[in-house]
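Step one of this worksheet: look at the structure below.
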Protein chains: 2
Amino acid sequence: MEVAVKKLLKSYHLRSTPVRKQVLDLFIQTSHALGKANIEAELDEIDRITLYRTLRTFEQKGIIHQAIDGSGKTKYALCSHECSEHEHHDHHAHFYCTRCEKTVCMNSITVPKIDIPDDFQIASAQLILSGTCKNCQR
Amino acid sequence: MEVAVKKLLKSYHLRSTPVRKQVLDLFIQTSHALGKANIEAELDEIDRITLYRTLRTFEQKGIIHQAIDGSGKTKYALCSHECSEHEHHDHHAHFYCTRCEKTVCMNSITVPKIDIPDDFQIASAQLILSGTCKNCQR
DNA sequence: CTTGATTATGCAACAATGTTGCAGCAAAGA
DNA sequence: TCTTTGCTGCAACATTGTTGCATAATCAAG
Ligand SMILES: [Mn+2]
Ligand SMILES: [Mn+2]
Ligand SMILES: [Zn+2]
Ligand SMILES: [Zn+2]
């Protein structure tokens, strides 16, 4: 609630503003990744530009990470506690449901190590799984 | 050249138009994936909307496939010959160079089989590798 | 509690990608 | 050459995303 979110923001050396509290609270409350449109649907009357800046700030601080799902829309989800301002450690797969368009972190599935030609220097790897989630299977 | 591209289009039951010939030829000539901006840079005076429709058509016919690279830009590359109007078979990784922003198909690297909870029904999987390509390593 | 430095907000303005509808034009087969 | 069918290019729109700047809010210090 209120106080916890405030403390959390403070621990990241971020000021507690209405937008940041609302957005962070929403991420904590939600089990799937959230993009601009999703957040706006939940949090009415919130300024687009401020939202974009809030997301960028949260990402830089290691609070949230991008959940790339091939949908073309940038979504974010809460980081695990190992992430920091200096480095993200979200080496898990993401599942994208093509029916409901929700994206979830599959924390149990780590991206496999890949051997590639020396011509390429890999800095990071991402695994996207798509299909239908439980709710969308009839 | 000219004639070959024309034949190729015909084999997919597509009319040979200037835009289609130019775009298909460019894909054949290029070793990395191409997005809207890339194509426009190479092919001047080509209409945006027609380009988008051309790309969509080529994708539907199994001529090109999306090369998702996490850059937020939709790029395409030529399909292997197994792809058709009915199904794409491009189960390889894509490498994205964060320096030059070029994306290439890594045909030799197939996306590993993943075991996931039954809650999810996987239809496809994609692997994105990012880092620096040969040209961009100093 | 008040004050002041610093930071965040919200608006305007812009840029890029992508989609649809529609009239006119071109390709390909007859 | 003609006709049908499919393709093009324009307008118009929607969505995502960025930057600059004046104003407002936060928070730590006094
Ligand atoms: Mn994640
Ligand atoms: Mn490919
Ligand atoms: Zn679903
Ligand atoms: Zn490169």
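Only the coordinates and a few stated rules stand behind these numbers; no lab work does. Quick caveat, the model's predicted, so the values are computed rather than measured. Every residue, glycine among them, receives a Cβ derived from its backbone with ideal geometry; neighbour counts consider all protein chains shown.
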Got a sec? Which residues in region B:73-105 would a label at B:Lys7 touch, if it sits 7 Å along Cα→Cβ and we count backbone N under 17 Å?
B:81
Run the numbers on chain A and let me know its relative contact order in percent, using alpha-carbon pairs under 8 Å that are six or more apart.
19 percent
Put a label point 7 Å from Cα along the Cβ direction on A:Thr17, then list its distances to the equivalent points in the other copies in nm, shortest first.
4.7
Which order results if B:Phe120, B:Phe95 are arranged by neighbouring Cβ count within 10 Å, fewest first?
B:Phe120, B:Phe95
Put in order of increasing Cβ neighbours within 10 Å, starting from the fewest, B:Asp47, B:Asp118, B:Asp90 give B:Asp118, B:Asp47, B:Asp90
So which GluC sites (Glu not before Pro) in region A:66-115 pass both tests, a DSSP loop state and at most 15 other Cβ atoms within 10 Å of the Cβ?
A:Glu82, A:Glu85, A:Glu87
Viscosity 1.567 mPa s, 4 °C: Kirkwood-radius Stokes-Einstein D of region A:2-131 over Cα pairs, µm²/s
82 µm²/s
What do you get for GluC sites (Glu not before Pro) in region A:1-65 restricted to DSSP loop and a cutoff of at most 14 other Cβ within 10 Å of the site's Cβ?
A:Glu45
Which cross-chain or sequence-distant (5 or more) residues have an amide H under 5 Å from the amide H of B:Tyr12, H modelled 1.01 Å from N in plane?
none
Calculated from DSSP H runs of 4 or more alone, at -39500 (n - 2.57) each and per residue, what is the 222 nm mean residue ellipticity of chain A, nearest 500?
-9500 deg cm²/dmol
With just the Cα atoms defining each centre, how far is region A:85-138 from region B:86-113? Give it in Å.
14 Å
Take peptide B:108-116, look around each residue's Cβ out to 10 angstrom, count Cβ atoms belonging to other protein chains, and average those counts.
4
Count neighbours as other Cβ atoms within 10 Å of each site's Cβ, and list the trypsin sites (Lys or Arg not before Pro) in region A:1-74 that are DSSP loop with at most 12 such neighbours.
A:Arg15
Place a point 7 Å from Cα of B:Ser16 in the direction of its Cβ. Which residues in region B:50-76 have their backbone N less than 17 Å from it?
none
May I ask you to evaluate 6.51 cos²θ - 1.76 cosθ + 1.60, the Karplus curve with θ = phi - 60°, for each residue of region B:93-103 and list the ³J(HN,Hα) values in order in whole Hz, giving x for glycine and proline?
7, 10, 9, 10, 8, 6, 7, 8, 6, 8, 10
Whose amide H sits under 5 Å from the amide H of A:His89, counting only residues 5 or more places off or on another chain, with H placed in the peptide plane?
A:Cys83, A:Ser84
Can you work out ³J(HN,Hα) from phi for every residue in region A:9-23, in order, using Karplus 6.51 cos²θ - 1.76 cosθ + 1.60 and θ = phi - 60°, giving whole Hz and x for Gly and Pro?
4, 4, 5, 9, 6, 10, 5, 7, 10, x, 4, 4, 4, 4, 5
Quick one: what are the phi-derived ³J(HN,Hα) couplings along region A:120-137, Karplus 6.51/-1.76/1.60 with θ = phi - 60°, whole Hz, x for glycine and proline?
10, 10, 7, 9, 7, 9, 9, 10, 10, 10, 10, x, 10, 7, 3, 4, 9, 8
Taking amide H positions as placed in the peptide plane 1.01 Å from N, state which residues far from B:Ala67 in sequence (5 or more) or on other chains have amide H under 5 Å from it.
B:Lys75, B:Tyr76, B:Ala77
